[in-house]
1. Residues in segment 95-116: is at least one free of Cβ contacts under 8 Å to residues at least 40 places away in the same chain and open to solvent by 20 Å² or more (accessible area, probe 1.4 Å)?
2. Open to solvent by less than 60 Å² (accessible area, probe 1.4 Å), in a helix (DSSP H, G or I) and either more than 21 Å from Met309 (Cα to Cα) or in contact (Cβ under 8 Å) with a residue 60 or more places away in the chain (or both), is that true of Leu442?
3. I'd like the full set of residues that are open to solvent by less than 40 Å² (accessible area, probe 1.4 Å) and within 23 Å of Leu257 (Cβ to Cβ), limited to segment 136-150.
4. Run Ala13 past the list (1) under 16 Å from Ile250 (Cβ atoms); (2) part of a strand (DSSP E or B); (3) small (Gly, Ala, Ser) and report the number of the one that doesn't hold.
5. Determine whether Val161 is touching a helix residue (DSSP H, G or I) at 6+ places or on another chain (Cβ under 9 Å) and open to solvent by less than 10 Å² (accessible area, probe 1.4 Å).
6. Look through segment 373-390, keep the residues that are more than 13 Å from Gln271 (Cα to Cα) and of a type in the set (A, V, I, L, M, F, W, C), and return whichever of them is modelled with the highest pLDDT.
7. Against the conditions (1) more than 18 Å from Val129 (Cα to Cα); (2) outside any helix (DSSP H, G or I); (3) of a type in the set (Ser, Thr, Tyr), where does Tyr211 fall short? Just the number, please.
8. Those residues that are touching a strand residue (DSSP E or B) at 6+ places or on another chain (Cβ under 7 Å) and open to solvent by 30 Å² or more (accessible area, probe 1.4 Å), I need them from segment 592-609; list them, please.
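The values are calculated or read from the model by the stated rules, or taken from the named source; none is laboratory data. Because the structure is predicted, anything quoted here is derived from the model rather than measured. Cβ placement follows ideal geometry from the backbone for every residue including glycine, while neighbour counts extend to all protein chains displayed. To get the accessible areas, we keep the full protein, side chains included, count just its heavy atoms, and leave off ligands, DNA and RNA. Shrake-Rupley method; radii C 1.70, N 1.55, O 1.52, S 1.80 Å.
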Amino acid sequence: MAEFKTEQIRNLAVLGHTGSGKSSLLEALLFRAKAITLKGRVDKGTNHADFTAQEKSHRHSLEPSFLNLDFANHHINLIDTPGLPDFFGRALLPLPGVESVLLVVHAGVGIEAVTKRAFAAARSQGKAVLIAINHIDGNEAGLAELLENIQLQFGHRCLPVNLPNPAVSDVVDCYLHCDEGSDTAFIGVTQARDELVDTVLEEDEQLMELYLEQGESLTPEQLHAPLETALRMGHLVPVCFTSAEQDIGIAALLELLVKLMPSPLEANPPQFIKGFADKALPIDVSQSPTDHVLAHVFRVSIDPFFGRMGVFRLYQGTINIGMKLFIGRERKAFKVSHLAKLQGDKLLDVSQAIPGDICVIAKIDELEVGAVLHDSHDEDEFHLPEINLPQPIFGLAVSPKRRGDEQKISEVLHKLVAEDPSLQLSRSEAQGQTVLTGQGDLHLQIALEKAQTLFNVDMDTEVPAVAYRETIQAEAIARFRHKKQSGGSGQFGEVELKVEPLARGQGFEFVSKVVGGTVPSQYIPAVEKGVREAMLAGALAGFPMQDIKVTVLDGKHHSVDSKEIAFVMAGKKAFIDAVALAGPVVLEPIVDMQISVEQSQVGEITGDISSSRGIICGTEAKSSGMVEVSVEAPLANVGDYSTRLKSMT
């Protein structure tokens, strides 16, 4: 590979709704830049981004994939991401490693759910955004309206940097070269350039004065610094037009990536943090190749043959083959024996990594998403803030098909979660279930399918049991004597207990107010043990009890027959009797949900929620034209709501 400097690198994550043409657009870019010799097709399973057996089978991008190309003496790293809503968490994982987002919109479909979420996520993380309207061939009539809709949804600063010609057979540049005599399908080159220049000049008052007072025309080179400021601040979102199938606008897009999108030195710098909690301090990185190594792992994949592989972005320092690095606060260093870049499913060996580049290391078991690699213990506590991933909304209880596979299943499930942090794994001891949760039924289906095909693990699945609980509504006092005599030493223990309800979520409180030694102090833990056993068994329907305060008031003991087991039984029985007098009730889990839908679908959504014993707490109109509906509903009725919502909308 050719050698590049940091300012010659561009890093972009490609986001967009499924079907917008992200993978096809990447194929066209790679082919135009001569990074590949044959352009693959998504429908035939030959494209370079979707190379896993699952992706070829499902004809969808299911995981982030890494590609790169060299163009005009620049090195461009491109990360393809899944576009299905269930995999939006996976699509967000590469964002910490890039400066820019290429947001792809289908010209014939327009702005979709993932398009909106991707734009919001990119801007919330300070990424420059370039919108590519793809599939313009065959959708000529709606292009002007789509551009207006993009400006309505994402702001009037979404401005075209090129426009399709009247035949929609090519694009006309409106900024870098700006042929003002060329005809366009709509707007006009001069108007488009003036809007771009006016927006860029708002970032530089001196340059604006020069432009206004002297009437001098400004070149793209003069406008470069304020342009990068506008991109960083989100004050400008360039829009371009492409057709990956017909190779329209592909060369122009490559030029835009090089000349418009920020280099690692021009983008918003990452805010590293040193220390944790109250001792956390912000740290600025130098991005110097001669400084200490500081790299961030943002993608981990685990293969049964190649082991654990970590994709990292290097922020400062230089990594060479043979050097030793630390992972986070690990005291033991590992040796960099192999360094590579990913080109789809291929590993391209490199001898070193420089600041701004994205590379991969393999067979290091301690790698995990979010890990920081460094070469000095001075950076032991350096880390980046955790990425804000979507909350899991759909779960399945998983169990082994074959007895004895419990340990193997546990290992595989933890590998799946390590690869995809938008999955969560939990253990419900009360229900005796291991629950895997994710963004939807398809998300879990793909994860479990991977466990079976790649790791050879078969699992049974079922709907997770709802974690009902029991509690009390009033105070009550009860007394119980446990007495047992069967020849020889007997059992004797007597306890008087008071039970009181606590505020929701406070759990369990146990207090002893025994005076005069009526219950010796050595038997108080036995009383508590009996109470806890009774709480675990429940009083009404066998569900664990919570939010109860238990006070030991009085009791009796026998100098010979009293022993621990007697007070365990006395405590248990006294508690059961007291609870029966205290108005026991079953608690049902209620979930809060915020559902964003189009205005036209609000009625159908609210009707469905009401039929599920839910309560509509309020609605709020959003500037994007969506309505956010706030809901409270029983978990038992909405455990599969993400699936129902998809079918309705």
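1. Looking for residues that are free of Cβ contacts under 8 Å to residues at least 40 places away in the same chain and open to solvent by 20 Å² or more (accessible area, probe 1.4 Å), one finds at least one in segment 95-116, hence yes.
2. Working: open to solvent by less than 60 Å² (accessible area, probe 1.4 Å): yes; in a helix (DSSP H, G or I): yes; either more than 21 Å from Met309 (Cα to Cα) or in contact (Cβ under 8 Å) with a residue 60 or more places away in the chain (or both): yes.
Answer is yes for this residue.
3. Of everything in segment 136-150, those that are open to solvent by less than 40 Å² (accessible area, probe 1.4 Å) and within 23 Å of Leu257 (Cβ to Cβ) turn out to be Ile136, Leu143, Leu146, Leu147, Ile150.
4. Going through the list (1) under 16 Å from Ile250 (Cβ atoms); (2) part of a strand (DSSP E or B); (3) small (Gly, Ala, Ser), Ala13 breaks only (1).
5. Values: touching a helix residue (DSSP H, G or I) at 6+ places or on another chain (Cβ under 9 Å): yes; open to solvent by less than 10 Å² (accessible area, probe 1.4 Å): yes.
Judged against the criteria, Val161 is a match.
6. Here is the first cut: in segment 373-390, the ones more than 13 Å from Gln271 (Cα to Cα) are 373-381, 388-390.
Now restrict to residues that are of a type in the set (A, V, I, L, M, F, W, C): 373, 389.
Details: Leu373: 95, Leu389: 89.
Out of the qualifying residues, it is Leu373.
7. Condition (2) is where Tyr211 drops out.
8. Keep residues of segment 592-609 that are touching a strand residue (DSSP E or B) at 6+ places or on another chain (Cβ under 7 Å), which gives 592-599, 602, 605-606, 609.
The answer is Asp592, Met593, Gln594, Ser596, Glu598, Gln599, Thr606.
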